[in-house]
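Novice: There's a structure below that I have some questions on.
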Amino acid sequence: MSDRCYNFSAGPAALPEPVLKQAQKDLWNFDGSGMGVCELSHRGKEYDRILEEAIADCREVGNVPDDWHVLFMQGGATMQFACMPANFSGEGKTTDYIDTGEWARKAMEEAQRFPGTVNCAFSGQGENYNRLPKDSELKTTEGAAYLQFCSNNTIMGTEFKRVPKAAAGVPIIRDASSDMYSRPIDFSELDMIYASAQKNLGPSGCALVLIKDSFLQKSDDKHIATMMSYKVMQKKESRPNTPNTFAVYLMGQVFKWIKAEGGLKAIEKYNEEKIAPLYDFIDGSDFFIPHAVTEDRSIMNASFRTPNEELDKLFIKQAEAKGLKTLAGHRSIGGMRASVYNAFPAKGITALVDFMKQFEHENA
Ligand code: PMP
């Protein structure tokens, strides 16, 4: 019997069990070095290898083109909210943002702290962010420095399955914090992708940044902090200071795990099949109410509720007692949220749906 529960947390979230077991060993003694992985010098040969392998495996898993850089940066995705305008915007420039949820809005609000004009190309706030825009609804800017969108809205449970259309020639940045490497990526449509690690990749506090060289070269980092400069990060191999070596190590292990699982196509198929019984059940229920419209819903986060808040609370309490943990929805929308990233097991969805059936039967 495992002593682990089904952890539906939105992040930090469940990690692959083989990765955790390997990390347990490596924390004690990394590869026979006699030193634990958190005790290795970030300039030593062991860490050189960890970094090299993490980058190589990241490239292999994502099929990352050669003219893209793989960077590991600190401060999570929120630091990226600042890095984007700091590197690419400025006086006389405009940036486009698509506001499809709390995190997309926060990214846009952070850009407003910097010089330059921030254009909201679409806002779903008036509709409680329950759907995504069609390209025809976007009011984008000719010549913008970039367009930023959030591919998976972690709180609302909506997910772009396509890349929205920017004005001609405008670089596109994707916040993939909660759906990074959950499915294959078409790099031809993008110029940069960033993701906080704590959902699909590793521990919190670190961000994976994939950036096209031609876009990186456009950045102006004269007046910004060293730690926020994409050019510095690229030149200094993501270690201008002492980096979060453990996060890079763990992400490296997760990339190896994805390879062992058959790669991103297999992971995507697994994710789609995994969440289907949950959506099928919600669709067939007159009791549970989904937050997102059917065509835009996410394969990573499902947000739903019961007919009232008291029942939501009871649901969360009873689920917790059954080992179905951290199902409470984000404080901004309430209800429940099941976050089922790559490492979340299908058995956990079966257990959740069984519990939902029973709860509906007892409370409808
Ligand atoms: N973007 C998205 C889509 C997120 O879900 C989150 C975190 N939940 C963030 C950005 C912010 O990430 P961090 O907490 O690592 O700054």
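The values are calculated or read from the model by the stated rules, or taken from the named source; none is laboratory data. Source: prediction; values computed, not measured. Glycine also receives a Cβ, built like all others from the backbone with ideal geometry; neighbour counts cover every protein chain displayed.
Novice: Return the pairs, sorted by first residue and then second, in which the second residue is near the ligand (Cβ under 8 Å from one of its atoms), the first residue lies in segment 92-107 and is among the acidic types (Asp, Glu), the beta carbons are less than 6 Å apart, and the residues are 6+ apart or on different chains.
Specialist: Glu102/Ile155
Novice: Please verify whether Arg59 is basic (Lys, Arg), surrounded by fewer than 18 Cβ atoms within 10 Å (Cβ to Cβ) and farther than 25 Å from Ala266 by Cα, treating the condition exactly as stated.
Specialist: So Arg59 does not fit the description; no.
Novice: Right, next: Based on what the data block shows, is Ala107 closer than 20 Å to Tyr194 by Cα, within 16 Å of the ligand (Cβ to nearest atom) and out of contact with any Lys or Arg (no Cβ under 8 Å at 6 or more places or on another chain)?
Specialist: yes
Novice: Search segment 3-27 for residues that are assigned to a helix (DSSP H, G or I) and pair each with any residue that is of a type outside the set (A, V, I, L, M, F, W, C) and more than 16 Å from the ligand (Cβ to nearest atom) when their beta-carbon atoms are under 6 Å apart and the residues are at least 6 apart or on different chains.
Specialist: Val19/Gln253; Gln22/Gln253; Leu27/Gly36
Novice: Return yes or no: is Met79 within 16 Å of the ligand (Cβ to nearest atom) and within 25 Å of Lys236 (Cβ to Cβ)?
Specialist: yes
Novice: Based on this model, can you work out whether Tyr279 counts as assigned by TED's automatic domain parsing to the domain that holds Cys206 and either of a type in the set (Asp, Glu) or assigned to a helix (DSSP H, G or I) (or both)?
Specialist: Taking the combined requirement at face value, the residue does not satisfy it.
Novice: Exactly one of (1) surrounded by 19 or more Cβ atoms within 10 Å (Cβ to Cβ); (2) under 27 Å from Arg59 (Cα atoms) is unmet by Tyr270. Its number?
Specialist: Unmet condition: (1).
Novice: State the number of residues belonging to segment 159-187 that are within 16 Å of the ligand (Cβ to nearest atom) and at positive phi.
Specialist: Final tally of qualifying residues: 1.
Novice: Filter segment 312-364 down to the residues that are touching a strand residue (DSSP E or B) at 6+ places or on another chain (Cβ under 6 Å), charged (D, E, K, R) and not in a helix (DSSP H, G or I) and list them by number.
Specialist: Lys325, Arg337
Novice: Just to check your reading of the model, which residue among Tyr97, Tyr129 is within 15 Å of the ligand (Cβ to nearest atom) and part of a loop (DSSP other than H, G, I, E, B)?
Specialist: After ruling out the rest, the residue left standing is Tyr129.
Novice: A follow-up question, please. Across segment 62-94, which residue is surrounded by the fewest Cβ atoms within 10 Å (Cβ to Cβ) among those that are assigned to a strand (DSSP E or B) and more than 18 Å from the chain's Cα centre (by Cα)?
Specialist: Thr94
Novice: Taking into account only those residues within segment 28-42 that are part of a loop (DSSP other than H, G, I, E, B) and free of Cβ contacts under 8 Å to residues at least 24 places away in the same chain, which is surrounded by the most Cβ atoms within 10 Å (Cβ to Cβ)?
Specialist: Filtering first and then ranking leaves Met35.
Novice: Give the residue, chosen from Asp135, Asp99, Asp175, that is in the same structural domain as Asp221 (by TED's automatic domain parsing), more than 23 Å from Asp221 (Cβ to Cβ) and either touching a strand residue (DSSP E or B) at 6+ places or on another chain (Cβ under 8 Å) or crowded, with 17+ Cβ neighbours inside 10 Å (or both).
Specialist: Only one candidate qualifies: Asp99.
Novice: Look at segment 291-311 and say how many of its residues are in a loop (DSSP other than H, G, I, E, B), closer than 28 Å to Lys259 by Cα and not hydroxyl-bearing (Ser, Thr, Tyr).
Specialist: Qualifying residue count, segment 291-311: 2.
Novice: Can you confirm whether segment 85-93 contains a residue that is at pLDDT 95 or above and within 16 Å of the ligand (Cβ to nearest atom)?
Specialist: Scanning segment 85-93 turns up at least one residue that is at pLDDT 95 or above and within 16 Å of the ligand (Cβ to nearest atom).
Novice: In addition: What about Val340, is it surrounded by fewer than 19 Cβ atoms within 10 Å (Cβ to Cβ) and either at pLDDT below 95 or of a type in the set (A, V, I, L, M, F, W, C) (or both)?
Specialist: Spelling it out, it is not the case that Val340 is surrounded by fewer than 19 Cβ atoms within 10 Å (Cβ to Cβ) and either at pLDDT below 95 or of a type in the set (A, V, I, L, M, F, W, C) (or both).
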